[in-house]
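*Asks:* Before I ask anything, here is the structure I am working with.
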Amino acid sequence: MRILMTAGPTREYLDDVRYLSNASSGRMGYALAADAVARGHQVILVSGPVELAPPKGCEVRFVQTTEEMRIACEQAFPSCDGVIAAAAVCDYKPSQRVTGKMSKTGEPLTIELIETDDVLAGLGRKKNSRWIVGFALEATNSRENALQKLRAKNCDVVVLNNPSAIGSMTNSVELIDESGQPIESWNGSKEEVAHELLNWIEQRWK
Ligand code: CTP
């Protein structure tokens with residue numbers, strides 16, 4: 001199969017040197033990419049800034065902002081059989097990016113934030129016969145929220161995890177389908193979880 005994968009955080013710049021982001025390491029997405037390549041799949045990895053070396057054998061597109069991630073994904077998706085969206089995308093960005101560097105004024109600073117594009121929802125609208133595996137990072141009402149995301153983003157299944165996954169070596173996930181119930185659950189190193197998820201995807205769509 002030819003698989004699009006997203007990984008890592010995005011960054012949203014306030015000015016040329018400062019940005020909003022999150023603590024995603026990219027480890028889950030990179031583990032998925034490595035496992036898929038090892039199985040002989042073609043992988044297009046759209047990655048935010050991370051400190052990991054990209055797995056050998058993937059086609060990698062490095063991006064920083066959510067908009068760059070959206071453009072790279074929209075370009076790649078039509079040639080792919082499916083997508084696994086493990087990226088921790090910034091949901092908000094400053095309404096304006098200042099050119100150069102903002103200076104201190106001695107006064108409190110208020111920054112207006114506006115929503116970024118939803119990369120996965122955009123792919124969901126152009127799904128056609130492709131499959132879509134989303135992720136959902138939930139602290140409360142986890143299964144309900146995961147189901148809502150599955151519907152809003154036109155996913156086939158959602159990998160539900162919780163905030164302790166961010167920046168961690170391990171993960172504990174449930175795979176939620178349109179019933180809203182877990183059809184699988186896995187925990188272990190991110191490599192182990194990636195392997196189980198790819199086993200499941202291969203059985204479902206090969
Ligand atoms: N996602 C995306 N673009 C965004 C936000 C999220 O593509 N702007 C993708 C993520 O890669 C993940 C899924 O959507 O596969 C769910 O991400 P998550 O952060 O759990 O949820 P959000 O949709 O951002 O909603 P919220 O933060 O309100 O829970």
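The values are calculated or read from the model by the stated rules, or taken from the named source; none is laboratory data. Every value quoted in this text rests on a predicted model; they were computed, and no experiment measured them. Cβ coordinates were reconstructed from backbone atoms using ideal geometry, including for glycine residues, and neighbour counts include every protein chain displayed. For accessibility, only protein heavy atoms count, side chains too; no ligands or nucleic acids. Shrake-Rupley method; radii C 1.70, N 1.55, O 1.52, S 1.80 Å.
*Asks:* Checking the conditions here, which among N145, N128 is within 17 Å of the chain's Cα centre (by Cα), of a type outside the set (V, I, T) and modelled with pLDDT of 95 or more?
*Replies:* Selected residue: N145, the only one of N145, N128 that is within 17 Å of the chain's Cα centre (by Cα), of a type outside the set (V, I, T) and modelled with pLDDT of 95 or more.
*Asks:* Open to solvent by 50 Å² or more (accessible area, probe 1.4 Å), away from the ligand (no atom under 16 Å from the Cβ), out of contact with any helix residue (DSSP H, G or I) (no Cβ under 8 Å at 6 or more places or on another chain) and closer than 19 Å to G167 by Cβ: which single residue out of E112, E51 fits that description? Show your work before the answer.
*Replies:* Working: E112 fails: closer than 19 Å to G167 by Cβ.
E51 is the lone residue from the list that is open to solvent by 50 Å² or more (accessible area, probe 1.4 Å), away from the ligand (no atom under 16 Å from the Cβ), out of contact with any helix residue (DSSP H, G or I) (no Cβ under 8 Å at 6 or more places or on another chain) and closer than 19 Å to G167 by Cβ.
*Asks:* Next question, about the same structure. State the number of residues belonging to segment 126-137 that are exposed (fewer than 14 other Cβ atoms within 10 Å of the Cβ) and either within 12 Å of the ligand (Cβ to nearest atom) or in contact (Cβ under 8 Å) with a residue 60 or more places away in the chain (or both).
*Replies:* So the count comes out to 0.
*Asks:* As an exercise: evaluate S172 against (1) at pLDDT below 95; (2) within 15 Å of the ligand (Cβ to nearest atom); (3) touching a strand residue (DSSP E or B) at 6+ places or on another chain (Cβ under 7 Å) and give the number of the one condition it does not meet.
*Replies:* Result: S172 fails condition (2) only.
*Asks:* Any residue at all in segment 22-44 that's assigned to a strand (DSSP E or B) and surrounded by 20 or more Cβ atoms within 10 Å (Cβ to Cβ)?
*Replies:* Scanning segment 22-44 turns up at least one residue that is assigned to a strand (DSSP E or B) and surrounded by 20 or more Cβ atoms within 10 Å (Cβ to Cβ).
*Asks:* Next up: Which of the residues spanning segment 45-68 are in contact with an Asp or Glu (Cβ under 8 Å, 6 or more places away or on another chain) and in a helix (DSSP H, G or I)?
*Replies:* Scanning segment 45-68 gives T66, E67.
*Asks:* Let me ask another. I need the full set of residues from segment 138-169 which are among the charged types (D, E, K, R), surrounded by 15 or more Cβ atoms within 10 Å (Cβ to Cβ) and more than 11 Å from the ligand (Cβ to nearest atom), in order please. Let's see the steps before the verdict.
*Replies:* Within segment 138-169, the subset among the charged types (D, E, K, R) is 138, 143-144, 149, 151, 153, 156.
Filter again for surrounded by 15 or more Cβ atoms within 10 Å (Cβ to Cβ), leaving 138, 143, 149, 153, 156.
Hits for segment 138-169 are R143, D156.
*Asks:* Under 27 Å from E115 (Cβ atoms), of a type in the set (G, A, S) and at pLDDT 95 or above - does that describe any residue in segment 43-60?
*Replies:* yes
*Asks:* Check off (1) farther than 23 Å from G188 by Cβ; (2) within 15 Å of the chain's Cα centre (by Cα); (3) touching a residue at least 24 places away in the same chain (Cβ under 8 Å) for R61 and give me the number that stays unchecked.
*Replies:* (3)
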